[in-house]
Every structure is written in structure tokens, then in C-alpha cells.
Amino acid sequence: AQKITQTQPGMFVQEKEAVTLDCTYDTSDQSYGLFWYKQPSSGEMIFLIYQGSYDEQNATEGRYSLNFQKARKSANLVISASQLGDSAMYFCAMREDNQGGKLIFGQGTELSVKP
Amino acid sequence: GAVVSQHPSWVICKSGTSVKIECRSLDFQATTMFWYRQFPKQSLMLMATSNEGSKATYEQGVEKDKFLINHASLTLSTLTVTSAHPEDSSFYICSATSQHREQYFGPGTRLTVT
């Protein structure tokens, strides 16, 4: 079974609008972390935001926020006020704390921001 | 933030030859390094986990004899693709974990086998 699922292969958003990228996960562990990364065409992996399984508040980092719904096992990324530079691949990833720190990635969502 | 480098950033080699890719943590000691592989328009797939001074742990389906990993020090891990074939052409990315469990990615190495 897929541990991390991103069901949106591609998304379009108008510049300055908000967009939500979906991510669901599957784990039986109690202690885990969820990450979002941005990968532009250059290939570098840019860390955006992190949510720990025990964190009660949704994580926020500037224009990025993570909508964490633990019971539904979802960790959606919300980007507010989209910019042209936000066009990239976005990956959701999970780290199960008893698995030695490795990250398992979702399939990715390609976001295109329209002017 | 912490910096992880990879060398080379891109390489073209002939089929049957071996290629070595280096991953270095420049300003911290990496307790663990990870190697990922990414095909175009696809996700990152973990290949192996590398700990300094011990043998790498490979993910299921990854050929140990083909993808040799050596973690020689707390700042250097190498991935050698042996007897490379065109199907090994891919983007290889390493990441390094600090003692605080933060993970930092290298910029990646694009391998093309002709």
C-alpha cells in the first residue's frame, strides 16, 4: 500500500490566489513527521514546512501552511498569494520515527501559476 | 542552513563503465546519509541508507552489487554505479541527516549513460 498519496498530478492556480495541494498518508506508528518539499526544474529539493504527529497546531511558514487532520491522515499544503516563482513540483513526504530517519515521498504535484 | 554538496552535478558515461558520485556535508557531521533516485516526472525513490563506518542498508529491489555505497567519514558518502547501462540514466540525490535529525538534500547529480 502507498504510504504517501498525492492525487493531483497537476494543478493550475491564478497568480495571487491560494491553492491547496493534497496529501494523505498511511502509518500505524504514533510518532512520525510530515514534510513538504518544492522541486523547481533545477532539481534541488527545497524544504518548505514540517508537521510532527504530536504537534497540535498546524504548521505555518510564511505563505505556506499545513492543514493537518490527523484522524483523516491528511496533511495538505496551502500556499497563499501564489507567485509565478511557485511553479514547480511539490512533494509530500513522511518520516516514521522508528525507521531510521528515511523519508518516503508521494508521487508529487506539478503546480503551474498563471499570470 | 546546512549545506550538502554533490559532485559531479552531471555526468555522461559510456555503457559498461562505472561512475562515482560524491555526497558531502560541508558544515556539519552527518550521522546518516540517504541516496535517492528520480526518473523524469516521477517521485524520489529511496535506494539506500548509509551510516558512517557500516554497510549500507539497501531498499528492496535495489541491486547492492550495482550500486555500491561507501560512507567513509561523517562528511562523505559515495555512490558508485558499476557497469552502467542506459536504464541507469537518472537523477541521483543524496541527503544528509544532522545529529539533530534535520535532513538536508544535495543538489543532485544527473547521470546519462550512452
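Say a paramagnetic label sat at a point 7 Å from the Cα of residue B:83, along Cα to Cβ; which residues of segment B:25-66 have their backbone N under 15 Å from it?
Label zone hits: B:63-66.
Whole number in Å², please: accessible area per residue of chain B, 1.4 Å probe, ligands, DNA and RNA not counted.
Values: 5800 Å² over 114 residues.
Per residue, chain B has 51 Å² of solvent-accessible surface.
Would you work out which of B:67, B:33, A:20 lies farthest towards the positive end of the dipole of the protein assembly as shown, given +1 charges on the beta-carbon of Lys and Arg and -1 on that of Asp and Glu, about the Cα centre?
My answer, from the dipole projection, is B:67.
Kirkwood hydrodynamic radius for segment A:3-63: how many Å is it when counted over pairs of different Cα atoms? Spell out each step's value before the answer.
Numbers: mean 1/r = 0.0722 Å⁻¹.
Kirkwood hydrodynamic radius for segment A:3-63: 13.8 Å.
Taking 18 Å as the cut-off for C-alpha to C-alpha distance, list the pairs among B:14/B:55; A:16/A:70; A:38/B:41; A:3/B:64; A:38/B:66 that go past it. Don't jump to the answer; show the numbers that get you there.
Numbers: B:14/B:55 28 Å; A:16/A:70 29 Å; A:38/B:41 13 Å; A:3/B:64 24 Å; A:38/B:66 30 Å.
The pairs that break the limit, which is 18 Å between Cα atoms, are B:14/B:55; A:16/A:70; A:3/B:64; A:38/B:66.
Chain B: longest stretch without exposed trypsin sites (Lys or Arg not before Pro) (DSSP loop, at most 12 other Cβ within 10 Å), sites themselves excluded?
Numbers: sites that count: B:14, B:41, B:55, B:64, B:101.
Within chain B, the longest run free of exposed trypsin sites (Lys or Arg not before Pro) spans B:65-100.
So for segment A:11-84, averaging the separation of alpha carbon pairs under 8 Å that are six or more residues apart and normalising by length, what relative contact order in percent results?
On the way: 129 pairs, mean separation 29.3, N = 74.
Taking the mean separation of contacting Cα pairs over the length of segment A:11-84, I get 40 percent.
With r defined as the distance between the Cβ atoms of residue A:5 and residue B:63 and R0 fixed at 25 Å, what FRET efficiency is calculated, to the nearest 0.05? Mind showing how you got there, number by number?
Numbers: r = 27 Å, r/R0 = 1.10.
That gives a FRET efficiency of 0.35.
Rounded to the nearest 10 Å², what accessible area does residue B:102 show when all protein chains are kept and the probe is 1.4 Å?
Approximately 90 Å² of residue B:102 is accessible to the 1.4 Å probe.
If I take R0 = 22 Å and measure r between the Cβ atoms of residue B:41 and residue A:16 in this structure, what FRET efficiency does the formula 1/(1 + (r/R0)^6) give, to the nearest 0.05?
Efficiency, rounded to the nearest 0.05: 0.20.
Ignoring trypsin sites (Lys or Arg not before Pro) that are buried or in helix or strand per DSSP, and keeping those with at most 16 other beta carbon atoms within 10 Å, what is the longest stretch of chain A between them? Before the final figure, lay out the partial values.
Details: sites that count: A:3, A:16, A:63, A:70, A:72, A:73.
Answer from the scan: A:17-62.
On the accessible surface of segment A:7-115, probed at 1.4 Å, how many percent belong to carbon and sulfur atoms?
It is 47 percent, rounded to a whole number.
Note down the magnitude of the dipole of the protein assembly as shown about its Cα centre, charges +1 on Lys and Arg C-beta and -1 on Asp and Glu C-beta and zero elsewhere, to the nearest 20 debye. Write down the numbers at each step before the final one.
Numbers: 20 positive and 22 negative charges, 69 e Å.
With only Lys, Arg, Asp and Glu charged at Cβ, the dipole is about 340 debye.
Using only the alpha carbon atoms of chain B, find the Kirkwood hydrodynamic radius as the inverse mean reciprocal pair distance, in angstroms to one decimal.
13.9 Å
Long-range amide H contacts for residue B:47: which residues qualify at under 5 Å (H placed 1.01 Å from N, peptide plane, sequence gap of 5 or more or a different chain)?
Answer set, sorted by chain and number: B:35, B:36, B:37.
Quick check on the protein assembly as shown: what are the equivalent-ellipsoid semi-axes from the Cα gyration tensor, as sqrt(5λ), descending, whole Å?
Working through the eigenvalues yields semi-axes of 30, 21, 16 Å.
Over the residues of chain A, compute the C-alpha Rg and express it relative to 2.2 N^0.38 Å. Walk me through the numbers on the way to the answer.
Values: Rg = 13.6 Å, N = 115, 2.2 N^0.38 = 13.4 Å.
Expressed relative to 2.2 N^0.38 Å, the Cα Rg reads 1.02.
Check each of the GluC sites (Glu not before Pro) in segment A:54-102 and keep only those in coil by DSSP with at most 11 other C-beta atoms within 10 angstrom; list them in order.
Numbers: sites: A:56, A:61, A:96; in loops: A:56.
Sparse-neighbourhood loop GluC sites (Glu not before Pro): A:56.
Label-point separation (nm) for residue A:69 and residue B:3, each offset 7 Å from Cα along Cα-to-Cβ?
4.3 nm
The values are calculated or read from the model by the stated rules, or taken from the named source; none is laboratory data. Remember, it's a predicted structure, so these values are computed and weren't measured experimentally. Here the Cβ is made from the backbone with ideal geometry for all residues, glycine too, and neighbour counts use every protein chain on show. Just so you know, the surface numbers come from the protein's heavy atoms only, side chains and all, with ligands and any DNA or RNA stripped out. Shrake-Rupley method; radii C 1.70, N 1.55, O 1.52, S 1.80 Å.
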